[in-house]
1. If I ask for residues that are in contact (Cβ under 8 Å) with a residue 12 or more places away in the chain and over 11 Å from the mean Cα position of the chain (by Cα), which ones from region 90-102 would you list?
2. For region 55-64, state whether one or more residues are assigned to a loop (DSSP other than H, G, I, E, B), surrounded by fewer than 20 Cβ atoms within 10 Å (Cβ to Cβ), modelled with pLDDT under 95 and on the phi > 0 side of the Ramachandran plot.
3. Among the listed residues 184, 195, 179, which satisfies the condition of being in contact with a strand residue (DSSP E or B) (Cβ under 6 Å, 6 or more places away or on another chain) and over 27 Å from residue 35 (Cβ atoms)?
4. Filter region 174-199 down to the residues that are assigned to a strand (DSSP E or B), farther than 20 Å from residue 97 by Cα and in contact (Cβ under 8 Å) with a residue 40 or more places away in the chain and list them by number.
5. Would you say residue 27 is out of contact with any helix residue (DSSP H, G or I) (no Cβ under 7 Å at 6 or more places or on another chain), assigned to a loop (DSSP other than H, G, I, E, B) and closer than 27 Å to residue 178 by Cβ?
6. From the list 115, 123, exactly one residue is surrounded by fewer than 18 Cβ atoms within 10 Å (Cβ to Cβ), without any contact (Cβ under 8 Å) to a residue 24 or more places away in the chain and in a loop (DSSP other than H, G, I, E, B). Which is it?
């Protein structure tokens with residue numbers, strides 16, 4: 001099991017994460033993980049929050065695309081999004097680090113729709129705050145620090161259009177019941193029960 005809480009640099013990262021409803025898995029295996037814009041054209045379930053999606057639809061990456069034209073991955077899925085949407089109807093897809101070999105990828109140092117987000121190239125990953133991204137929680141008595149930690153826990157990797165299913169290494173699930181559901185959906189890659197990442 002990867003020790004996420006000892007990740008201190010980009011070199012320590014072995015994978016990225018996507019929080020995915022189980023019902024979408026057959027489509028993901030066939031079509032890949034699609035950007036919001038591409039996903040609009042197929043039947044799928046979204047766990048995104050409407051108010052956040054409205055914000056994201058208006059954000060354009062400097063010298064890049066609009067956020068809805070990227071597939072997004074989290075650097076660590078144990079974050080506020082998962083905390084809110086946690087259920088037995090989701091899994092966390094593990095995406096291999098080789099995804100970074102693709103062209104025009106962009107890192108966001110926090111939730112990409114944040115007013116304070118900084119978009120980074122592959123050459124600037126040393127500017128990411130690994131201590132906060134891979135912290136066990138984002139609690140803080142200081143309200144400003146709390147929002148800063150919460151936002152940075154949702155740091156993202158943005159990939160134009162879609163992520164091919166060949167980059168999927170496996171999946172994390174909360175229990176054996178979900179593992180069986182995922183297997184029945186045709187997911188043949190490694191499935192790991194990891195209760196800790198699901199809070």
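1. From region 90-102, those in contact (Cβ under 8 Å) with a residue 12 or more places away in the chain are 90-100, 102; that's our starting set.
If the condition is that a residue be in contact (Cβ under 8 Å) with a residue 12 or more places away in the chain and over 11 Å from the mean Cα position of the chain (by Cα), then 90, 91, 96, 97, 98, 99, 100, 102 are the ones that fit.
2. Scanning region 55-64 turns up at least one residue that is assigned to a loop (DSSP other than H, G, I, E, B), surrounded by fewer than 20 Cβ atoms within 10 Å (Cβ to Cβ), modelled with pLDDT under 95 and on the phi > 0 side of the Ramachandran plot.
3. 179
4. Taking region 174-199 first, the residues assigned to a strand (DSSP E or B) are 190-193.
From what's left, farther than 20 Å from residue 97 by Cα: 193.
Scanning region 174-199 gives no hits.
5. Working: out of contact with any helix residue (DSSP H, G or I) (no Cβ under 7 Å at 6 or more places or on another chain): yes; assigned to a loop (DSSP other than H, G, I, E, B): no; closer than 27 Å to residue 178 by Cβ: yes.
No: the conditions fail for residue 27.
6. Values: 123 fails: in a loop (DSSP other than H, G, I, E, B).
Result: 115 is the single residue among 115, 123 that is surrounded by fewer than 18 Cβ atoms within 10 Å (Cβ to Cβ), without any contact (Cβ under 8 Å) to a residue 24 or more places away in the chain and in a loop (DSSP other than H, G, I, E, B).
The values are calculated or read from the model by the stated rules, or taken from the named source; none is laboratory data. Only a predicted model underlies this, so the values are computations on that prediction, with no experimental measurement involved. Heads up, the Cβs are rebuilt from the backbone with ideal geometry, glycines too, and the neighbour counts pull from every protein chain shown.
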